[in-house]
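For reference, the structure is listed below as structure tokens.
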Amino acid sequence: MNSDYLKTTLNKDLQPITHVLVLEDENSRQTIILDEANYSIGRDPRNKIALASKKVSRFHATLLRRTDTKNRTFSYWLLDGDLQGNRSTNGIFINDKRCLVQELKHEDVIRFGFEFQASYYVLSNISDLALLQSGDFRQ
């Protein structure tokens, strides 16, 4: 974890917060702790989060961390496509609504293409993370 993440989430006035993305398809389930400023998501292996599906664009989406300096907290925003403005072929659906850009909220359900689904969580209790990770598998 980088130091910016630790400063933001371990502030003396706030409880520790962990941002988590749980990726699922029929062959796997993976829990990813989000602690970097951005993540590229897509089927190209150069992405930070690579999805093995022909129905996912090579650079399908981007997760960006946005810091609220007033509250010293941050949130993640999901963008359809890459940072150069290239959108995905099959789009992104958050809670069954097509989205181009959206701030993620606790328990949002995200669909990339037709095979991959992700759930986003904001956790204040580290034992909740262990529960999420206990369901991870690969076939």
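The values are calculated or read from the model by the stated rules, or taken from the named source; none is laboratory data. Just so it is clear, the structure is predicted and the values come from calculations on it, not from any experiment. Virtual Cβ from ideal backbone geometry, glycine too; neighbours counted across all protein chains shown. Just the protein is used for accessible areas: all its heavy atoms, side chains included, with ligands, DNA and RNA removed. Shrake-Rupley method; radii C 1.70, N 1.55, O 1.52, S 1.80 Å.
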Filter result for His106 (of a type outside the set (Asp, Glu) and within 19 Å of Gly42 (Cβ to Cβ)): no
Scanning the range 69-98 for residues that are open to solvent by less than 20 Å² (accessible area, probe 1.4 Å) and in contact with a Gly (Cβ under 8 Å, 6 or more places away or on another chain), the one farthest from Ile33 (Cα to Cα) turns out to be Ser88
Conditions (1) surrounded by 13 or more Cβ atoms within 10 Å (Cβ to Cβ); (2) within 23 Å of Arg138 (Cβ to Cβ); (3) at pLDDT below 95 -> Tyr5 fails only (2)
Flagged pairs (Cβ under 7 angstrom, 6 or more apart or on separate chains; first in the range 118-135, more than 14 Å from His106 (Cα to Cα); second at pLDDT below 85 and among the β-branched types (Val, Ile, Thr)) are none
Practice task
Would you check if there is a residue in the range 105-118 being modelled with pLDDT of 95 or more, farther than 23 Å from Leu132 by Cα and of a type in the set (D, E, K, R)?
Solution key: no
Every listed condition ((1) among the basic types (Lys, Arg); (2) part of a loop (DSSP other than H, G, I, E, B); (3) under 23 Å from Asp136 (Cα atoms)) holds for Arg29 save (2)
Pairing a residue in the range 82-110 that is closer than 16 Å to Arg65 by Cβ with any residue that is outside any strand (DSSP E or B), where Cβ atoms lie under 7 Å and the two sit 6 or more apart in sequence or on different chains, gives Asp108/Asn95
